[in-house]
Amino acid sequence: MKKYKNKLWIIPIVTAILFGATLIFTNFSSRTTNYKPYVSFLEDTSNKKIANVYIGDSSKITIKLKDGKTYQTDNPRTDNFKEDLLKQNINVSEDLPVNLVTLIPSLGLIASIAVLIFMGVKTSAKKSKKAMSVESMEALVAEDSDYTFEDIAGNEEAKESVQDIVDFLKNPEKYSSYGARMPRGVILYGEPGTGKTLLAKAVASEANVPFYAVSGSDFIQVYVGVGASRIRQLFKKARESSNGKAVIFIDEIDAIGKRRDGAKSTGGSDERDQTLNALLTEMSGFKDSQGIVVMAATNRLDMLDPALLRPGRFDRHIEIMLPDRCAREKIIKLHLANKPVGNIDICELAQKTSYFSGAKIENLMNEAAILACKADSKLIEKEHVDKAFSIILAGYEKKNRSYIEDIDKKITAYHEAGHAIVSMKVLPNEKISKITIIPSTKGAGGYTLSIPEDRMYQNKRYLKNRIMVLLGGRAAEEIIFGEEFITTGAHSDLKQSTKIAINMITQYGMGDTLGLLNVDEISNLNLNQDDVLGECKEFVDSIYSDVKKLLILNKDKLEKLSNMLLEKETLNSEDIVL
Ligand code: ADP
Ligand code: ZN
């Protein structure tokens, strides 16, 4: 930070303190030493010692003797006081004597304060000027990013969709000679960590133009008007860059471009509106042959203000999806390329990481590298990756496990075994990769990991089976320990199963009360919520009784698995043979 670079402001502060101190000191000393009672003053008058008397409006008058000494005495406030004195040939003045001893420090103090104020105004003016400018936004750098499309694994469609933007940036005249207008704005949308920033950087470096990155939230937490002014300066800066070509990347565009809800727009969000309008104005101001492309990222396209999405603005929308298995394999390879890798089955790892984002995979490989390094292992081995995998999914294992009561351990073991047995029975294709009764720092008492299949659609049967697996933990508790001894351990299972059941009945047209109707679309009509709720409850209750039947039928397996768990605490897929 360069905040304290300018130290000149110390000087006026020091002088102000010095002058102030002298002033107080002289005032103080003159008060205490030079007071005499009125009687002594009368004596001095009759002895003709007095040269001058200063009468003011205050309660004290000041007397100057012929020998130069001064003192103060009480103001008698009689009507002809002045006349009496004049008759005795004493000089009387009604202004206070100018006392150099107090005058100089007073003037000095005033001057110092004036200088301080002047300096303050100047620096705050400088500061606010700085806050208005883009320079102060740390995120903004014309990065010479050397990412290329090679650095992005998978996302082939997205890369394809931005390829012509690269072409256009390289050769805008060619497009305009065909009368083609390039998209001015591109919105990349999709889950966090899927590589949106990466793609925008790659476009800039493939086209060899500067890359300006900002985040939507940078424009919001500032004073009114500054957001809009920052937008204008950002575009100005981009236009001034090498032959006017640039990629401007706005992360979290929803922070400025969130959908305005009619009524709410009147108050509060003025600042955001100004910023958004500035952005739209700048974008409509592009000439067609100009080489500036704005790329913006958001997690959700439907949250954005339609004004942003209109033709001529952000009119190209590219979805960036979670990587599929093949893409995951590529991403794993990419992030292992710079690491010493031992015997790791990348194919298996790609299978295990379904629903991982690119960022999560990167995180996994990094965590594995850290574990290998901590263990002083020469290479990153499977055990490190496995351990990293559990860390990413469930948080670090709690190291101090001695406090766990045996009975709690037993409950967890039966609960997890319940999930696992039901899962093996109803979802045999989802391989269970790990069961543990070691609590994690994320709060779970234990957990069962199964590898979901990569499927585009989930059918009714599958969703029902998922609910069954979720209810398996509670059902096992009830069967083994009795109805009175069910625990809070099923809390998050029940939350998840409730969510699935409600969605099935109200969103996916899989229930009876609403049939094929979607609850959101009929919310204005008089919907009888009790009926829907009743159906949800009946649905889950009947699944629960199925689960209990299933577990009672397989009670021997349940016992065997939970005993194995109590013994070993953690079981991997190869240990689970029943
Ligand atoms: P987003 O902007 O979508 O949130 P980022 O572009 O910031 O995601 O991605 C974060 C990190 O995740 C990247 O720096 C990269 O290491 C990794 N990553 C994400 N997607 C991919 C991918 N498709 N290929 C390679 N690495 C990826
Ligand atoms: Zn559970």
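The values are calculated or read from the model by the stated rules, or taken from the named source; none is laboratory data. No experiment lies behind these values; they were computed from the predicted model shown. Using ideal geometry, Cβ is built from the backbone for each residue, glycine included, and neighbour counts are taken over all protein chains shown. For the accessible areas, the whole protein counts, side chains as well, though only heavy atoms, and no ligand, DNA or RNA atoms are used. Shrake-Rupley method; radii C 1.70, N 1.55, O 1.52, S 1.80 Å.
Miscellaneous remarks
- Of LYS352/LYS387; LYS431/LYS495; LYS387/LYS557, those spanning more than 19 Å from alpha-carbon to alpha-carbon: LYS431/LYS495; LYS387/LYS557
- Computed from point charges on the beta carbon alone (+1 for Lys and Arg, -1 for Asp and Glu), the dipole magnitude for the chain about its Cα centre is near 2540 Debye.
- Cβ-based charge dipole, the chain, positive-most Cα from ASN52, MET564, PRO76: ASN52
- Cut-off 13 Å between beta-carbons: net charge of the residues surrounding ALA359, Lys and Arg +1, Asp and Glu -1: 0
- Whole-Hz ³J(HN,Hα) from phi, Karplus 6.51 cos²θ - 1.76 cosθ + 1.60, for region 521-536, glycine and proline x: 7, 10, 5, 6, 6, 7, 7, 8, 5, 4, 4, 4, 4, x, 5, 4
- A cut-off under 12 angstrom between Cβ atoms defines the neighbours of GLY342, and their net charge, with Lys, Arg +1 and Asp, Glu -1, is 0.
- For ALA213, the residues 5 or more places off, or on other chains, whose built amide H falls under 5 Å of its own are VAL141, GLU143, PHE249.
- From its DSSP helices (H runs of at least four residues, each -39,500 (n - 2.57)), the chain gives a residue-normalised ellipticity at 222 nm of -16500 deg cm²/dmol.
- Counting only alpha carbon atoms, the long axis of helix 460-481 and the longest principal axis of the chain meet at about 80°.
- A straight Cα-to-Cα reach below 15 Å connects LYS159 with the aspartates and glutamates GLU150, ASP151, ASP167, GLU206, GLU319, residues fewer than 8 places away in its own chain not being considered.
- Taking all Cα pairs closer than 8 Å and separated by 6 or more residues, the relative contact order of the chain comes to 10 percent.
- Surface share of carbon and sulfur [accessible, 1.4 angstrom probe, percent] for region 56-95: 40 percent
- Shape class of region 204-246 from the Cα gyration tensor (axes a ≥ b ≥ c, square roots of the eigenvalues): oblate, since a/c reaches 1.5 or more and a/b does not exceed b/c.
- Taking amide H as placed 1.01 Å from N in the peptide plane, ILE380 has its amide H under 5 Å from the amide H of VAL341, GLY342, each at least 5 places away in sequence or on another chain.
- A dipole drawn for the chain from +1 and -1 charges on Cβ atoms has a positive end, and of PHE235, PRO172, LEU379 the residue lying farthest that way is PHE235.
- 3J(HN,Hα) along region 448-454, derived from phi through the Karplus expression 6.51 cos²θ - 1.76 cosθ + 1.60 where θ = phi - 60°, amounts to 10, 9, 10, 9, x, 6, 6 Hz, with x in place of Gly and Pro.
- With each label modelled as a point 7 angstrom along the Cα→C-beta vector, the GLN88-LEU525 pair spans 11.0 nm.
- Full-stretch length increase - LEU301, ASN75 - with 0.36 nm per residue and alpha-carbon distance subtracted: 73.0 nm
- Rg/Rh for region 152-238 stands at 1.02; both radii use Cα atoms, and Rh follows the Kirkwood definition.
- In sequence order, region 308-321 has phi-based couplings of 6, 8, 5, x, x, 10, 8, 9, 10, 10, 10, 7, 10, 9 Hz under the Karplus curve 6.51 cos²θ - 1.76 cosθ + 1.60, θ = phi - 60°, and Gly or Pro positions carry x.
- Accessible surface computed residue by residue for region 325-394, with neighbouring protein chains in place and a 1.4 Å probe, gives 50 Å² per residue.
- Segment VAL14-SER573, length gained on full extension (0.36 nm per residue, minus Cα span): 193.8 nm
- Amide H to amide H, with H built 1.01 Å from N, SER450 comes under 5 Å of SER433, counting only residues 5 or more places away or on other chains.
- Applying 1/(1 + (r/R0)^6) with R0 = 45 Å to the Cβ-Cβ distance of ASP146 and GLN496 gives a FRET efficiency near 0.55.
- FRET efficiency for ASP273 and ASN518, using Cβ-Cβ distance with R0 set to 25 Å, rounded to 0.05: 0.20
- Note on THR281 and SER241: with the Förster distance fixed at 25 Å, the Cβ-Cβ geometry gives a FRET efficiency of about 0.80.
- Residue pairs, from the table LYS36/LYS66; LYS170/LYS245; LYS464/LYS555, whose Cα atoms sit over 18 Å apart: LYS464/LYS555
- Lys/Arg +1, Asp/Glu -1 at C-beta; the chain dipole; positive extreme among LEU336, ILE220, ALA158: ILE220
- Scanning the chain for chymotrypsin sites (Phe, Trp or Tyr not before Pro) that sit in a DSSP loop and have at most 16 other Cβ atoms within 10 Å, the longest stretch containing none of them is 10-177.
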